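These notes concern the structure reproduced below.
The values are calculated or read from the model by the stated rules, or taken from the named source; none is laboratory data. A quick note: this is a predicted structure, and the numbers were derived from the prediction, not measured. Note that we place each Cβ from the backbone using ideal geometry, even for glycine, and neighbour counts take in every protein chain shown.
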Amino acid sequence: METTRLRNESYNDLSYTTDCPSADSSPSSDNRSRHYQRLEEDPTSSTTWFQTLVHLLKGNIGTGLLGLPLAVKNAGIVLGPISLVFMGIIAVHCMDLLVKCANHFCQRDQRPFVDYGDAVMYSMESAPFQWMRANSIWGRRIVGFFLILTQLGFCCVYFVFLADNIKQVVEAANSTTNDCSFNKTVVRTESMDSRLYMLSFLPFLILLVFITNLRYLTVFSLLANLAMLGSVVMIYIYIGQDIPDPSHLSYVSSWRAYPLFFGTAIFAFEGIGVVLPLENKMKIPHHFPVVLYVGMATVTVLYISMGTLGYLRFGDDIQSSITLNLPNCWLYQSVKLLYSFGIFITFALQFYVAAEIIVPTFTSKVPDRCVLLVDLATRSFLVCVTCALAVLIPRLDLIITLVGSVSSSALALIIPPLLEIFTYYSEGLSRWIIFKDMEITLEMPWNQVWGVC
């Protein structure tokens, strides 16, 4: 799923933390303990368990949710939900590993914070291989690379999502009625190609990302969240009614289709970037594991219900986004428009993450008088790149699978188990833990390659 975190109006890494635990016991105490005090804690900026839970849910629910019915189709009506449960358990476990390892380095080195990239870099410094210790800086660079790839991948998905949904609304405008009964025979008026819709959104999105102070988007972001929440509720109301006989649906899909399920599912579960900042903002940080398990259990139930009900409701006619299957009445056309508005605003938030990593690289090399021009030019170029990629692959399901299989799986499933091995190897790890971590890490690339192919 899509992840965005804002930190003091600047951003260097999606997983940066503003506070971090320090040891509250003697050096002989267990470094893995979650009971710690904060360094330089600002009580006014701390969050309660409920606020943390809300942020965790928001960080894991996005466009990936709407593609899960197609994912279940690619896995089968029985195998799909079971696989979602399994992937949910693995994803939560990897999130927990990241938090545990970050806390370990904070306690060991008395650091005010440790981000995802720093955690990987410090773990490589503790690795048993000399060449890994000598090149530990590449740990941070690899995390940064996948982070940029993921965030710009989200932006590509948004281009296609906006084009597909707005195109459908425009083409069905003449036949849109107040009757919301599903009608497969509705005749749409052909309009321009979806690629032209993407190009038409390009100048507006470029202007949107020129807003470098996200406080100006606060009101619009709130409205976007409300619009997306209302849209999801309306989708659930519709797909929960008049479910046809599921006997004709496949219980288990072919092995050729299953990798497409993996890419879409991991795209939806990719919320690991919000874990460290949320945990380190809590007033009582050792309560975070409970919040994590409750929140991700809720997310998993939401994913399973949306994927299963959506596939049951529309069967083999399910499209890449379930919004494209909604009936052509004004009520559900408004759902598409509201969700599209939410995605339009969210584009700026997701793009902000990548821009704050890339733009300073260019602006730091020019005179002060050229900083603004280079900043805007770089942002425009990045938006054009995401639009060009979306135009080249104008299928929402394929882009979601590609982003999920390549970058999301690396950040959410492959790196965290390796992080645990490198972090605690010198302290002694049981063979079971090493086997478990290697099993997660080595099995994911196979699904990753299949998903890309």
In segment 229-268, how many are more than 24 Å from the chain's Cα centre (by Cα), free of Cβ contacts under 8 Å to residues at least 24 places away in the same chain and part of a helix (DSSP H, G or I)? 2
Of the criteria (1) surrounded by fewer than 17 Cβ atoms within 10 Å (Cβ to Cβ); (2) outside any helix (DSSP H, G or I), which one SER320 fails: (1)
I need a count of the residues in segment 222-263 that are of a type outside the set (A, V, I, L, M, F, W, C) and closer than 15 Å to ILE61 by Cα. 4
Test: residue in segment 344-353 that is out of contact with any Phe, Trp or Tyr (no Cβ under 7 Å at 6 or more places or on another chain), closer than 30 Å to VAL232 by Cβ and free of Cβ contacts under 8 Å to residues at least 40 places away in the same chain: no
Within segment 185-228, count every residue that is in a helix (DSSP H, G or I) and at pLDDT 90 or above. 15
Can you name the residue in segment 102-123 that is in a helix (DSSP H, G or I) and of a type in the set (A, V, I, L, M) and is also farthest from the chain's Cα centre (by Cα) among such residues? MET121
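Per-residue answers, yes or no, for (1) of a type in the set (Lys, Arg); (2) farther than 19 Å from ALA412 by Cβ; (3) surrounded by fewer than 24 Cβ atoms within 10 Å (Cβ to Cβ); (4) touching a helix residue (DSSP H, G or I) at 6+ places or on another chain (Cβ under 6 Å):
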residue	(1), (2), (3), (4)
LEU56	no, no, no, yes
VAL72	no, yes, no, yes
LEU79	no, yes, yes, no
ASP96	no, no, yes, no
ARG111	yes, yes, yes, no
GLN130	no, yes, yes, no
ARG133	yes, yes, yes, yes
SER136	no, yes, yes, yes
ARG140	yes, no, yes, yes
Among the residues of segment 81-99, write down those that are in contact with a Leu (Cβ under 9 Å, 6 or more places away or on another chain) and farther than 21 Å from PRO277 by Cβ. LEU84, MET87, ILE90
Might you check whether a residue that is crowded, with 17+ Cβ neighbours inside 10 Å and not in a helix (DSSP H, G or I) occurs anywhere in segment 328-339? yes
Please give the number of the condition ILE89 fails out of (1) surrounded by fewer than 18 Cβ atoms within 10 Å (Cβ to Cβ); (2) at pLDDT below 80. (2)
Is it fair to say ALA388 is closer than 21 Å to ALA268 by Cα and either without any contact (Cβ under 8 Å) to a residue 60 or more places away in the chain or of a type outside the set (Asp, Glu) (or both)? no
